[in-house]
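Visitor: Right, I'll just put the structure down here and ask away after.
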Amino acid sequence: MKTKFAPILFTVLFFSCFLNRSFAQKKDLVRIADSITREGRILYRSEWASWYGTDIFVAKCAAKKELAGGYLSYNSGTGLTNIFFSKGNSPVVLATITFGYDLKSTNYTLDTVSRKLTPVEEQLYNIRQAALAKIQSDTSFRIYKNTSLNLVPIIINTIRRVYVLSGSQINGLVVFGNDYLFEFDAANHLISEKKIHKSFIPIKINKATTDSAKTDVASIHTHSPETGDFITATDICTLLLYENFTNWSQHIVISKNYVSVWDCKNNRLVILTAAGWKKISDSTNKSDKK
């Protein structure tokens, strides 16, 4: 998505540390940005392992594909683990793919010996399946054309969540929105659910050309008040997954009160107040007219 804000993007990052202090008296925007980024990275690592684990499973475990009932990924403490489990009410692990924290898709080990789920895997499986059952029984959950719903179970200490992201099934399209969050108690009972974005936001990737005017250097989407003031953890997960396939330097999320700027080159989030954003924009526009 092209944007008239592109000329001021680098200015935003340069002055962000000052503007966050000048225009963020009511909320600690640095702390909020750090929290959202941290959660987005957790989602990203899980989805990254599932992305590349799926490629490996399909390529090297063809005989087990028809047996598979699904997959999940998690941080084992020594690396990222992706498992494919069998169909039925008492699943077993069909294949285990482990990756290093370097996030190199060629740095993996594959174990095709079937085994029982570990206690951690069983907990992740249980909340994943509970979220899936809810989605399948409730017609309010939508799957848009050329997308799939990807379930990401996360357990960290007492936090038990399943994020649901819409993933693009075609090249050249990045999808934001149509995402959900399920939260569970210690007994894996569903205690809350919400739709994170109130809309479905597909953004086409324009490839680099010799004409810089036709090359997108940034992308933008907006948040309604119902979605919230800030970029979401699912937004950051999606950006980390797709940014290297784009020419974007930044992705901007605009709400009524705040503007979130994600630096796609340095993977850094800056949140500005609307007033801070307007001040940068006005200043840049004045400079351009000189």
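Visitor: Roughly how many whole Å is it from the C-alpha centroid of region 114-186 to that of region 29-81?
Guide: Cα centres, region 114-186 to region 29-81: 11 Å.
Visitor: Sticking with this one: Tell me which GluC sites (Glu not before Pro) from region 144-247 have a DSSP coil assignment and no more than 14 other beta carbons within 10 Å of their own.
Guide: Loop-located and lightly packed - E226.
Visitor: For the residues H221, H189, H251, what sequence is obtained by ranking on other C-beta atoms within 10 Å, fewest first? Walk me through the numbers before you get to the answer.
Guide: On the way: H221 20, H189 10, H251 28.
Fewest-to-most ranking of H221, H189, H251: H189, H221, H251.
Visitor: I would also like to ask the following. Rounded to the nearest 20 debye, what is the charge dipole size of region 6-289 about its Cα centre when +1 sits on each Lys and Arg Cβ and -1 on each Asp and Glu Cβ?
Guide: Roughly 280 debye, rounded to the nearest 20.
Visitor: Follow-up. Less than 11 Å Cβ to Cβ from S140, Lys/Arg counted +1 and Asp/Glu -1: what total charge do the surrounding residues give?
Guide: That sum, taken over residues with Cβ under 11 Å, equals +1.
Visitor: List the aspartates and glutamates whose Cα sits under 18 Å from the Cα of K265, skipping any in the same chain fewer than 8 residues away.
Guide: Filter leaves D34, D102, D216, D235, E243.
Visitor: How would C237, C61, C264 line up from fewest to most surrounding beta-carbon atoms within 10 angstrom?
Guide: Arranged by neighbour count, lowest to highest, C237, C61, C264 become C61, C264, C237.
Visitor: I need T81, T139, T234 ordered by Cβ neighbour count within 10 Å, fewest first.
Guide: In order of increasing Cβ crowding within 10 Å: T139, T81, T234.
Visitor: What number, in percent, do you get for the relative contact order of region 36-85 if the mean sequence gap of Cα pairs under 8 Å and at least 6 apart is divided by its residue count?
Guide: Value for region 36-85: 37 percent.
Visitor: Past the 32 Å Cα-Cα mark, which pairs from K64/K194; K64/K145; K60/K194; K60/K145?
Guide: K64/K194; K60/K194
Visitor: Here's another thing I want to ask about it. Projected onto the charge dipole of region 6-289 (+1 at Lys/Arg Cβ, -1 at Asp/Glu Cβ, origin at the Cα centre), which of Y163, I205, N188 gives the Cα projection farthest towards the positive end?
Guide: The Cα lying farthest towards the positive end belongs to I205.
Just so you know, all these numbers are worked out from the coordinates, no wet-lab data involved. Since the model is a prediction, treat every value here as computed from it, not as a measurement. As a convention, Cβ positions derive from the backbone with ideal geometry for all residues, glycine included, and neighbour counts pool all protein chains shown.
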